[in-house]
Every structure is written in C-alpha cells, then in structure tokens.
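Read the figures in this text as sums done on the coordinates, not as results from a lab. None of these values were measured; they are calculated from a predicted model. Note that we place each Cβ from the backbone using ideal geometry, even for glycine, and neighbour counts take in every protein chain shown.
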Amino acid sequence: MASTPPAPARSARFDGVRILFALVAVMWVSEIVDTAVDHRLDRYGIEPRDADGLIGVVTAPFLHLGFDHLISNTVPFIAMGLAIALAGAARVVAVTAVVAAVSGVGTWLTAPENSVTIGASGIVFGYATYLIARGLFSRGMVDLGVGVLVIVLWGGALLGGLLPEQGISWQGHLFGAIGGIVAARLLARRASAPPGRAPALPAR
C-alpha cells in the first residue's frame, strides 16, 4: 500500500510563504538599487566559462533588465512558488536551490561568449516543471491537478521560452526546466523513502 508524507504544519507552510516573499523582496530591492547606480549590478550576472562569472549562479536570479523584466518574472514566480511553498519552508528552499544550481551552471557552460545572463526566469521555468513532474512522481490527485493547471496556464510560454531567440537566455530556461525535474525526482525519492526500521524486541 502506498503512503503519502504527512501534510506540513501550518507554521511550516507560513515559513515557506515567508521565504518565497523574502526572495521576491530581494529581487525588487536589488532592481531599485541597480536602477539607482545606473545598472552597475548587472555585471554580477552569469558570464559563461569565466571563473568570476560563477558568482552569477547565486546572484543572477535577483538581477533584472529593468522593472518590466522584473514584473514579468515576479507574477509567475509568486503564483507557482506559492504552490511549492505551501508544502513547507524546506521544500521551497530545496526546490529553489536545486533549480538555481542546475540553471546557473548549465547557463555558465553553454551560453554564448561575451554575454551576461540575469533574471529569475530560469527559476520560474524550474518551478513550472517541478510542479508538473511532482504530480507524475507522486501520483497524488492534487499534485496532478496542479501540474495540469500549470500546463494550461503557462504551457505555451514554457515551450516558447525554450526556442532560441536573440537576447533571450533560452539556455537558462532549458536548464531551469531540467532543474525542476531533477528537484521533483530527488524530493519524491526522499518523501517515499521508508522510515528507519525499529529495533527488534525479544519475544516473551
């Protein structure tokens, strides 16, 4: 008989939502500061095959090319991030970390020379594919329903974002999407792992 992990406590869900909005707050504060200093922070994006450019794996999701770019990422980031954050603080942190690492390193390895990649869209793509893949791995009706909703609302944008286009980091989108699937698989395996076996007691 299959078992499902217990639902997170209300405090854990609240912490997850708080972490999500803290990430969004950092994005907005970063863009306000970046605008004030004539976009000098943008140089801390991902610079391919440059050792110094690896810092962008951490910083690039918080930097954007103006407020229009930021708003276009903020809306799906919050919408899909909430669906993850409600599973608890540990879940949203783990998914975000895995997606950011896979998206960032993949972009660093494959993006064209003399480019700088910034923006949270790689995380957004990872959140989307995580929510889709989570339902396939867990087989839970709620998770499957959320995955279908993501496909209906953002499926076209997801597919379009994977097509090579001048000025758009499709590499970040692609590896972000891969990172979401990796996170779903890793976390599904962890959730389904059997608990430690209790020590045997002598018969009396």
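For n ≥ 4 DSSP H runs only, could you compute -39500 (n - 2.57) per run for the chain, divide by its residues and tell me the 222 nm figure to the nearest 500? Estimated from H runs of four or more residues: -22500 deg cm²/dmol. Largest GNM mean-square fluctuation across M27, M80, M141, computed for the chain with C-alpha springs under 10 Å, falls on M141. Remark: the range 10-191 projects, on average over all directions, an area of 10.0 nm² (convex hull of Cα atoms). Highest mean packing comes first when the peptides 62-68, 102-108, 34-40 are listed by Cβ atoms within 10 Å, giving 102-108, 62-68, 34-40. Among I19, I46, I168, the ranking by other beta carbons within 10 Å of each residue's beta carbon, starting with the fewest, stands as I168, I19, I46.
Over its Cα atoms, what ratio of radius of gyration to 2.2 N^0.38 Å does the range 1-109 give?
On the way: Rg = 16.0 Å, N = 109, 2.2 N^0.38 = 13.1 Å.
Against the empirical 2.2 N^0.38 Å value, I get 1.22 for the range 1-109.
Structural size metrics of the range 54-142, computed from C-alpha coordinates, are Rg and Dmax of 13.9, 46 Å.
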